[in-house]
Every structure is written in structure tokens, then in C-alpha cells.
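A.B. asks: I have a structure here, written as C-alpha cells, and I will follow up with some questions on it.
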Amino acid sequence: MFYESALKKHRKMSCLTQEALAYDLDIPVSQIGRIERGEINTTISTLLAISKALNKKVEDLFDFDY
């Protein structure tokens, strides 16, 4: 089964590539990919910056389907 993270969905809906988002946040592109794939946890400050860059609430970047 294919799973797409909420972050990736919102990034795509904002018409941003990983490269563009990383550039906006001044972080490595690889970090965006690893966050999207759930390979690493990110800091609260990076999460806030991502939510602002995507014009979303922080909670929108998480899947809470149980």
C-alpha cells in the first residue's frame, strides 16, 4: 500500500518541490525528504517554519486517522 505523508500532500498542493521548500527554509533538500518519509523527527522550530511556508496549521501536517 502506498502512503503519502500529510507534509508531502500539503507541499504538493502548494505547488512546491522539495528543493523549493528547502530553499525557503534554508535547510538541506535531503532533510525535507527524510521528514516526509518519516525517517527523522524534526525540531519544533523547523516544523513551525514548514507550516508557515505552506500556509498551514502545524496540526495539518500530521495524519491523525486512527
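The values are calculated or read from the model by the stated rules, or taken from the named source; none is laboratory data. For clarity, every value in this text was computed on a predicted model and none was experimentally measured. FYI the Cβ positions are ideal-geometry reconstructions off the backbone, even for glycines, and counts take in every protein chain you see. Just so you know, the surface numbers come from the protein's heavy atoms only, side chains and all, with ligands and any DNA or RNA stripped out. Shrake-Rupley method; radii C 1.70, N 1.55, O 1.52, S 1.80 Å.
A.B. asks: Of all trypsin sites (Lys or Arg not before Pro) in segment 14-66, which ones are in loop regions per DSSP and have a Cβ with at most 15 other Cβ atoms within 10 Å? Could the numbers behind the result be given before it?
C.D. replies: Working: sites: Arg34, Arg37, Lys52, Lys56, Lys57; in loops: Arg37, Lys56, Lys57.
When the trypsin sites (Lys or Arg not before Pro) of segment 14-66 are filtered for loop state and at most 15 Cβ neighbours within 10 Å, Arg37, Lys57 remain.
A.B. asks: Identify, among Leu47, Ser14, Phe62, the residue whose Cα sits farthest towards the positive end of the charge dipole of the chain, taking +1 on the Cβ of Lys and Arg and -1 on the Cβ of Asp and Glu, with the dipole about the Cα centre.
C.D. replies: Ser14
A.B. asks: Any idea of the accessible area per residue across the chain, 1.4 Å probe, to the nearest Å²? Could the numbers behind the result be given before it?
C.D. replies: Numbers: 4820 Å² over 66 residues.
Accessible area per residue: 73 Å².
A.B. asks: Need one number: nm distance between label points at Asp24 and Lys12, each 7 Å from Cα along Cα→Cβ, rounded to one decimal.
C.D. replies: 1.7 nm
A.B. asks: At Tyr3 and Glu59, where each label point lies 7 Å from the Cα along Cα→Cβ, what is the point-to-point distance in nanometres?
C.D. replies: The modelled label-to-label distance comes out at 2.2 nm.
A.B. asks: Another question about this same structure. Summing -39500 (n - 2.57) over the DSSP H runs of n ≥ 4 in the chain and dividing by its residue number, what mean residue ellipticity at 222 nm do you reach, to the nearest 500 deg cm²/dmol?
C.D. replies: The per-residue figure over the chain is -15000 deg cm²/dmol.
A.B. asks: What are the GluC sites (Glu not before Pro) within the chain that DSSP puts in a loop, where the Cβ has at most 15 other Cβ atoms within 10 Å? Write down the numbers at each step before the final one.
C.D. replies: Details: sites: Glu4, Glu19, Glu36, Glu39, Glu59; in loops: Glu4, Glu39.
Those satisfying the criteria are Glu4, Glu39.
A.B. asks: Within the accessible area of the chain, what % is carbon and sulfur when the probe is 1.4 Å and the other protein chains stay in place? Numbers along the way, then the final one.
C.D. replies: Working: 2630 of 4820 Å².
Within the chain, the accessible surface is 55 percent carbon and sulfur.
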